[in-house]
Amino acid sequence: MLQLVFNPAAGKGRAKAALAAALARLDERGVAYVLHTTRCAGHATELAAAAPPGSVVVAIGGDGTVHEVAKGLLQAGTARDPAGGRALGVLPLGSGDDFAFSLGLARDDLPGALERLLAAQPRLVDFGTVNGEPFFNAVGTGFDAEVAERVRTSPGFLKGFSGYLYSVLASLARLREPHARVLVDGALVHDGPTLLVTSQNGPRSGGSFVFAPQAQPDDGLLDVVIAGKVGRLGALGLLPKVLQAKHLGHPAVTLSRGRSVRVEWTEPRPAHADGELLPTTAVYEVTLHHRALPVLA
């Protein structure tokens with residue numbers, strides 16, 4: 001029995017049509033399902049937490065929907081069985097779909113994702129926690145979190161990548177690079193002015209920015225990408241390189257890998273988990289949980 005958790009606000013207006021096509025295909029295949037439609041922020045988490053043990057809970061939406069559904073599975077689980085006997089499915093219908101990308105699912109191929117869902121055997125992927133809150137694709141603090149914050153207030157007519165790019169440029173206008181210390185598995189890997197620190201479980205964030213090209217969601221390691229002091233012009237020049245996954249050779253950019261990350265800012269800095277804003281603080285503790293979340297993909 002599939003428990004479908006559908007976000008009607010996803011997909012830039014194409015959500016309802018895409019859902020109708022997906023349901024028609026399920027009906028043709030004789031697949032049993034229950035459809036739940038979210039009504040507000042946090043509702044997907046409640047729905048996933050209430051799903052019967054043994055069910056596959058399918059997030060139909062973008063990364064925000066996936067984040068909420070997966071968080072609900074963890075709320076219903078235990079230390080020995082984090083998802084409480086449930087598994088996560090993903091039908092990507094958002095503007096970014098970065099977690100789906102890490103699973104090899106294309107944002108513009110809903111039929112293909114549905115076929116993968118129906119044919120797949122459960123696989124275990126990693127998830128992380130940051131200051132106790134779960135994340136599944138990436139947690140970032142500094143510049144990329146400022147961008148995520150501005151995405152929420154960008155003009156309504158700017159959707160997807162255009163809204164993200166607008167937010168990047170607005171954040172560049174007020175660029176700051178305060179001091180931070182970063183420890184990975186207890187070892188100090190950075191101590192100085194810092195543009196951003198992102199801990200990637202998957203390769204991509206923001207829908208198009210390939211921060212960690214080699215990151216895998218089931219390898220037991222976070223790819224920790226740190227950009228030090230680059231300045232406004234340097235940051236502007238670095239962005240196209242991140243889009244092309246060519247930034248790791250930049251002298252101000254470093255990559256480390258590990259299972260725990262501690263970021264210590266000299267002042268409170270914003271942070272996000274899968275694009276969802278976290279309470280702002282100066283210290284962020286990140287821990288990876290290896291192959292603890294069952295996923296059908």
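Say we look at the stretch 236-254 and pick out the residues that are touching a helix residue (DSSP H, G or I) at 6+ places or on another chain (Cβ under 8 Å) and aliphatic (A, V, I, L, M); which of these is farthest from GLY202 (Cα to Cα)?
LEU236
Would you check if GLY72 is assigned to a helix (DSSP H, G or I) and within 12 Å of the chain's Cα centre (by Cα)?
Values: assigned to a helix (DSSP H, G or I): yes; within 12 Å of the chain's Cα centre (by Cα): no.
The answer is no for GLY72.
For the stretch 199-227, what are the residues that are modelled with pLDDT under 95 and either in a strand (DSSP E or B) or of a type in the set (Asp, Glu) (or both)?
SER205, PHE209
Among the candidates LEU183, LEU196, LEU175, which residue alone is at pLDDT 95 or above and over 20 Å from the mean Cα position of the chain (by Cα)?
Residue meeting the stated conditions: LEU183.
Can you tell me which residues in the stretch 22-45 are surrounded by 14 or more Cβ atoms within 10 Å (Cβ to Cβ), in a helix (DSSP H, G or I) and aliphatic (A, V, I, L, M)?
ALA22, LEU23, LEU26, ALA44
Return yes or no: is THR129 surrounded by fewer than 24 Cβ atoms within 10 Å (Cβ to Cβ), of a type in the set (S, T, N, Q) and within 20 Å of ASP223 (Cβ to Cβ)?
Yes, satisfied.
Answer yes or no: is there a residue in the stretch 72-79 that is under 23 Å from ASP219 (Cβ atoms) and at pLDDT below 95. Let's see the steps before the verdict.
Let us first name the residues in the stretch 72-79 that are under 23 Å from ASP219 (Cβ atoms), namely 73-74, 77, 79.
If we keep only those that are at pLDDT below 95 too, we end up with 77, 79.
Yes; the residues of the stretch 72-79 include at least one that is under 23 Å from ASP219 (Cβ atoms) and at pLDDT below 95.
The values are calculated or read from the model by the stated rules, or taken from the named source; none is laboratory data. It should be emphasised that the depicted structure is a prediction, and the values quoted were computed from it without experimental measurement. All Cβ positions, even for glycine, are placed from backbone atoms using ideal geometry, and neighbour counts span all protein chains on display.
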